[in-house]
Amino acid sequence: MADFFQNTLHDHFNYWVYVILMMIGLWAVIAKNNFIKKLIGLSIFQTAIILFYVSIGVKVDASIPILHHHEEPAAHAEGHDKGHKADYAVGEKDDSAPAAHDNHDSHESQESHGDHDHHADAHAVNPDLIANPLPHVLMLTAIVVGVATLGVALALSQRIYKEFGTLEESELLEQLKGGNVDG
Amino acid sequence: MENSVTSFLPVLACLASLLAVPLILIFRKEPVLREASTFLAGFAKFGFVVAMVPVILSGKVIEYTFIEGIAGISVPIKFRVDGLGMTFALVASSLWIVTSLYAIGYMRGLKEHSQTRFFSFFALSLSATLGVAFSGNLLTLYLFYELLSLSTWPLVTHHQDKEARGGGRTYLSHLLGTSVAFGIPAIIYTYVKSGGDLSFAGEAMLADSEMSYLQGVVLLLAFAFGFSKAGLMPFHSWLPGAMVAPTPVSALLHAVAVVKVGVFCVIRVITGVFGTGLLEKLGANLVLCWVAAFTVITSSLIAMSQDNLKRRLAFSTIGQLSYIVLGVALLAPYAVQGSMMHIAMHAFGKITLFFCAGAIFVATGKKYISQLDGLGKVMPWTMGAFAIGALSVTGLPPTGGLLSKIYMIRGAADAQQYALLAVYLISSVLNGVYFFPIVYRAFFKSPATGTLTTGIKEAPLACVLPLTVTAVASVLLFFFPGLLFDLTSLMLPGK
Amino acid sequence: MGDQLPAIIVLAPMFGAMFVALLGNRDHRVCFPIVFASLLISLCASIAAAQQVYTTGAIDYFMAGWEEPIGIGIHLRIDALNALLLVLISVVVVLVSFFSIRRAGEQHTEKTPQFYVLYLLLCVGLLGISITGDAFNLFVLVEVSSLTSYGLVAMGSSRRGTHAALNYLLMGTVGASFYLVGVGYLYLMTGTLNMQDIHAILQANDAVSGSTAVIIAFLFILLGIWIKMAFFPLHGWLPNAYSYCPSTSACILAPLMTKVSVYVMIRVMIGIFGVEWVFVHLGWSHLVVWLAVIAILAGSMLALAQREIKKMLCYLIVVEVGYMVGGAWLSDPDHWGLTGSLYHILADAMMTLCLFLAAGIFAKRLGAVEIKDLEGLFKKMPLTSIAFVIAALGMIGVPPTAGFYSKFYLIRGAIEGAHWEYVAALLISSLVNAVLFFRIFEIAFFGNKPAEGHGHDDHHEDESETQQGQVGDSTLLGREPAWSALFPLLTSAAIIILLGLFNGPIVELIRESLENLPSIVATQAD
């Protein structure tokens, strides 16, 4: 039981949160009658995904990904190498597998390293020290997309309210059923 | 073994009637020019077909490829003219000319509406018919087969009334439905099974393939029912339904072009897809034989009970079509050749009968056999031709129908299928039973008082002339079957 | 210039959209020329690119030279798989732009520039989806196309349209989010977003490709795409959205959106996970084909129940999506199912385009919304009818239309993969299509009251009485539509036949792309 808490719940805490949020959001989208509530659900749903992505990029004790060429942040490095026990999914380097939880992890990241080694050499950065910026960048884009979607959705809701005088889907369907469709 | 010639002639023969369509549309306000263009196309078409006869008789085949196929991927669209295709094309194109004349007399005589549409689609369906006759592979065959179904729909439903609508529905649902439900999978299955070969040239497609008895039977029946224009029961009811069409349509399309396309396809399937060797090995042909035999007998019995003249003729056609299917399914060389000849013999006989039915309708407005008493005296030409047509379809001398029937019966004897031989004989008797009372009524019964008004005389010349021509042709085919015999001989293996 | 083709394909409509937004408000008349010019540039560029692909091989293009698959460098890739699709999309959008001429002028007089901005951005999205080589960019572009299509759906004056658009938005966003989650898992496992890199890692590393996380990723992606393509039973948003939106919007959305989604599915299956993995490792083939069979049958039944023309066509889209999904999953050894699906994307896009254009013309010229309003159609507009009949025959699958050949290849794949249930479903749906369309033909030919047409030849005049439609101008009725509507309609009908007649070369190209799967998915040398 303790193992379960430690390994499954605690270690993957934010993934659990993301799944729960996602389900809440999806439930709201499907089950709620009011369009605004549906949209709130949709936002929760999208935010959950953002949480998921950000979780992928988290690395304990890593610094921001700004590269100072030929300037190893040495002080940081030593303490980190020993103390590092990947609590969260940790990107080995910015573009290789962050699959820290898998047993075959070492083997695989070796492979990935092989693929792109020259890149790491060129900058000579220890990837453990740098947070993976990519998921954050992706989420910036996703947030923009989400905001745009929400904007369109709210505009549509506003129009629905103007045309039907209601935002409840059941009332709206009733009106549509009652004929007089395109007033 | 067979040498082929590339020529544009089959395309021209096929296109001749298609090119008539724009002409017909252009001259829609001027009936004379409109009909003239139909005739022009008819003679041109016949000319092109006849021009190919010597080549075919010399043992060659004519080929023309529209769109090349890519091996293993696509099937070419291709024409290939051989003896069987030639026979059918000759019958269809010659009868189109006669029918055009008849159609003019009929349509004008009845002041039918939308004659432009009628002649346009008529021409179109003739193109499709020749396309089927000249198809070089199964896919091209299917293409024109469907085109024929679709282009004849407006003809069947020409009257645009409730009855026509119902007839049209039965017509399309049977023809299109069976071809999609059985035809397409059968073709594609053949394609897969034969390793991408759908061509009629050379050996039969499935000749070398491994096949179980069950597979053979299912595939053969899928083809036979898929090409339901052949009228095998239980997918026959489109034909009586199609009798709502104007009589020229019934005459040319539903006694000759459309239905013969059906049996033509079945012959192609048996000779070109399976090959007689494979079927004989499997024994699958007997199943088809019995389906056909059942259809022959049943339809003859139904025909006897029909009072509507055209419906009786329709059921008679169903029976005669199954003669042909039965003959080719027997696989004996004589039976196969007899079947091919019967395409032509029956065509001339049956079209005469339909022409007569139409002429009677134009002249008297009568549709039912019970009303025909004493008509022979007022319409001697028409009823005389009817008698000849009846002789031919029953298979009595001196008409062509006798020859093909003898061949088929001899084939049945060769195949040692005496039960099926009996089917031929019994149904010939039944044919006589449902035809000759009509002749008897017309010539020897005196009309019931009041039913025959004095105003009745022969139908217009444009109606009577064609039926006389086809009746004479039926007789001539008895005395001069040489060409037909030569063409169909070409199709027999080993000759 | 030649090197920049992939960028030009996507950027031309994007800049076009900007220009329309800048200039369009001043003078509506500048909109169409800009739209047309930019789409024409796209069309030429896609044709040139396709030619290049089929002569010299795939084109890889890295936006602004960010070659390395680090982060989100924008990688565009045109290979044998998507070259034809790009040409198709650009042809369709050019054709529909003609159709939009009159419509935009009449229905959205004040909104003309807005309409065209959305239209062009939709093109950007669709072309981008087809051309991108990056799993995340795909998400962004899917959302670009979806957002614009929500706008296009809601643009009409119909109240139902607004409601349908919002439902579409909710479903669409959920679908896209599912896709995004799937991509997240993939990224977690492989550390890259570039499709080719993901594929290479999955190929090279059995431990990764065998893990549950990758299967979950695939499941999420598949679900997301299925929602986007309206795969039954996730189709709920489609019928209302496409039937209550303005005709021009329907004409652009109906042929392309679902088809592009099908392409995405095939791309994901082939280009990211690999055919081997999908068919052999997962072994869901039977399950998905059965789902497709259900989709085909249910869609056909729903289509039969419809009285409105556009609604019926919408359910036919659902059916066709079932064809394509089923075909792609047939998993026959020679990939004839995939071939058929890819070919059907082209064929179905053209048929749907033609049908929706015709439906748009019916709605406008005859005020015909329901099937029964089509009385006497054949006499009123013979040319439109011919095109409509051709497209309908294509849907039924009558040779030599493209629809027949796609069925031919699909059934071939099903026979070789021994999926007889799929063969049966395909044939049943063909029959249902036949019933559907001949019901329309009957009404168009006979009228609702039988025997109405009896009488003299060539009588047009008495039939042009005003219909109860919204368009009141009776002089417009009873005649063929303007050339701007007729041209795209007849062109699409012609393409349906040409695509069928010349299916050989096209399928050969598709086959090439499937036979050289390694070249599609190979990592570029770096």
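Given the criteria within 22 Å of residue B:492 (Cα to Cα) and within 13 Å of chain C (Cβ to nearest Cβ), does residue B:135 qualify?
So residue B:135 fits the description; yes.
Please tell me if residue C:339 is part of a helix (DSSP H, G or I), within 12 Å of chain B (Cβ to nearest Cβ) and polar (S, T, N, Q).
yes
Failed condition for residue C:157, given (1) modelled with pLDDT under 90; (2) in a helix (DSSP H, G or I), with all others met?
(2)
Given B:240, B:248, which one is touching a Ser or Thr at 6+ places or on another chain (Cβ under 6 Å) and crowded, with 23+ Cβ neighbours inside 10 Å?
The conditions single out B:248.
Testing residue B:189 on (1) within 11 Å of chain C (Cβ to nearest Cβ); (2) under 26 Å from residue B:83 (Cα atoms); (3) not in a loop (DSSP other than H, G, I, E, B), one condition comes back false. Which one is that?
(2)
Listed here are the residues, each with its yes/no results for (1) under 17 Å from residue B:289 (Cβ atoms); (2) at pLDDT below 85; (3) surrounded by fewer than 24 Cβ atoms within 10 Å (Cβ to Cβ).
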| site | (1), (2), (3) |
| --- | --- |
| B:327 | yes, no, no |
| B:378 | no, yes, yes |
| B:400 | no, yes, no |
| B:408 | yes, no, no |
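Residue under question is residue C:235, and the condition is that it be within 14 Å of chain A (Cβ to nearest Cβ) and not small (Gly, Ala, Ser); does it hold?
no
Is it true that some residue in region B:273-289 is of a type in the set (Lys, Arg) and surrounded by fewer than 24 Cβ atoms within 10 Å (Cβ to Cβ)?
Scanning region B:273-289, I find at least one residue that is of a type in the set (Lys, Arg) and surrounded by fewer than 24 Cβ atoms within 10 Å (Cβ to Cβ), so the answer is yes.
Which of the following residues is surrounded by 21 or more Cβ atoms within 10 Å (Cβ to Cβ) and either within 29 Å of residue B:114 (Cβ to Cβ) or among the hydrophobic types (A, V, I, L, M, F, W, C) (or both): B:214, B:139, B:221?
B:139
If I ask for residues that are more than 21 Å from the chain's Cα centre (by Cα) and among the basic types (Lys, Arg), which ones from region A:26-69 would you list?
Listed by number, the residues that qualify are A:32, A:37.
Only one of B:157, B:87 is more than 14 Å from chain C (Cβ to nearest Cβ) and either within 20 Å of residue B:41 (Cβ to Cβ) or buried (at least 24 other Cβ atoms within 10 Å of the Cβ) (or both). Can you tell me which?
Matching residue, one of B:157, B:87: B:87.
Report, by residue number, each residue of region C:394-442 that is facing chain B (nearest Cβ under 9 Å), over 12 Å from residue B:189 (Cα atoms) and among the basic types (Lys, Arg).
C:407
Being part of a helix (DSSP H, G or I) and at the interface with another protein chain (Cβ under 8 Å from one of its Cβ atoms) is the filter; apply it to region C:180-196 and report the residue that is nearest to residue A:141 (Cα to Cα).
It comes out as C:180.
Looking at region A:129-154, which of its residues are within 7 Å of chain C (Cβ to nearest Cβ), surrounded by fewer than 17 Cβ atoms within 10 Å (Cβ to Cβ) and under 12 Å from the mean Cα position of the chain (by Cα)?
A:137, A:141
Taking the stated definitions as given, is residue B:142 modelled with pLDDT under 85 and either touching a Gly at 6+ places or on another chain (Cβ under 9 Å) or under 19 Å from residue B:266 (Cβ atoms) (or both)?
no
Looking at region B:249-287 only, could you name the residues that are among the basic types (Lys, Arg) and modelled with pLDDT under 85?
Once the filter is applied, which keeps residues that are among the basic types (Lys, Arg) and modelled with pLDDT under 85, region B:249-287 yields only B:281.
Quick check on region C:114-127: of everything there that is crowded, with 24+ Cβ neighbours inside 10 Å and not hydrophobic (A, V, I, L, M, F, W, C), which residue is nearest to residue C:83 (Cα to Cα)?
Result: C:125.
One line per residue, one yes/no per condition, for (1) at pLDDT below 80; (2) farther than 23 Å from residue C:485 by Cα; (3) surrounded by 17 or more Cβ atoms within 10 Å (Cβ to Cβ); (4) not hydrophobic (A, V, I, L, M, F, W, C):
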residue: C:33; (1), (2), (3), (4): no, no, no, yes
residue: C:44; (1), (2), (3), (4): no, no, no, no
residue: C:55; (1), (2), (3), (4): no, yes, no, yes
residue: C:75; (1), (2), (3), (4): no, yes, yes, yes
residue: C:80; (1), (2), (3), (4): no, yes, yes, no
residue: C:88; (1), (2), (3), (4): no, no, yes, no
residue: C:92; (1), (2), (3), (4): no, no, yes, no
residue: C:101; (1), (2), (3), (4): yes, no, yes, no
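Any idea which of (1) touching an Asp or Glu at 6+ places or on another chain (Cβ under 9 Å); (2) in a helix (DSSP H, G or I); (3) within 11 Å of chain B (Cβ to nearest Cβ) is the one residue C:384 doesn't satisfy?
Checking residue C:384 against (1) touching an Asp or Glu at 6+ places or on another chain (Cβ under 9 Å); (2) in a helix (DSSP H, G or I); (3) within 11 Å of chain B (Cβ to nearest Cβ), the one that fails is (3).
Which one is farthest from the other protein chains (Cβ to nearest Cβ), of the residues in region C:133-153 that are small (Gly, Ala, Ser) and either more than 17 Å from residue A:160 (Cα to Cα) or in contact with a Lys or Arg (Cβ under 7 Å, 6 or more places away or on another chain) (or both)?
Ranking the qualifying residues of region C:133-153, first place goes to C:133.
Can you confirm whether region B:40-63 contains a residue that is surrounded by 18 or more Cβ atoms within 10 Å (Cβ to Cβ) and within 14 Å of chain C (Cβ to nearest Cβ)?
no
What is the one condition in (1) within 7 Å of chain A (Cβ to nearest Cβ); (2) in contact (Cβ under 8 Å) with a residue 12 or more places away in the chain; (3) part of a helix (DSSP H, G or I); (4) buried (at least 23 other Cβ atoms within 10 Å of the Cβ) that residue C:162 does not satisfy?
(2)
Collect the residues in region A:26-40 that are buried (at least 19 other Cβ atoms within 10 Å of the Cβ) and either more than 9 Å from every other protein chain (Cβ to nearest Cβ) or basic (Lys, Arg) (or both), keeping them in residue-number order.
Hits for region A:26-40 are A:28, A:38.
Among all residue pairs at least 6 apart or on different chains, which show Cβ distances below 9 Å where the first residue, located in region C:346-370, is at positive phi and the second is surrounded by fewer than 24 Cβ atoms within 10 Å (Cβ to Cβ) and of a type in the set (S, T, N, Q)?
C:367/C:466; C:367/C:467; C:367/C:468; C:367/C:470
Answer yes if at least one residue in region B:248-267 is over 18 Å from the mean Cα position of the chain (by Cα) and in a helix (DSSP H, G or I), and no otherwise.
No - not one qualifying residue is present in region B:248-267.
The values are calculated or read from the model by the stated rules, or taken from the named source; none is laboratory data. In this text the structure is predicted, and so the values were computed from the model without any measurement. Ideal geometry is used to build each Cβ from the backbone, glycine not excepted, and the neighbour counts take in all protein chains shown.
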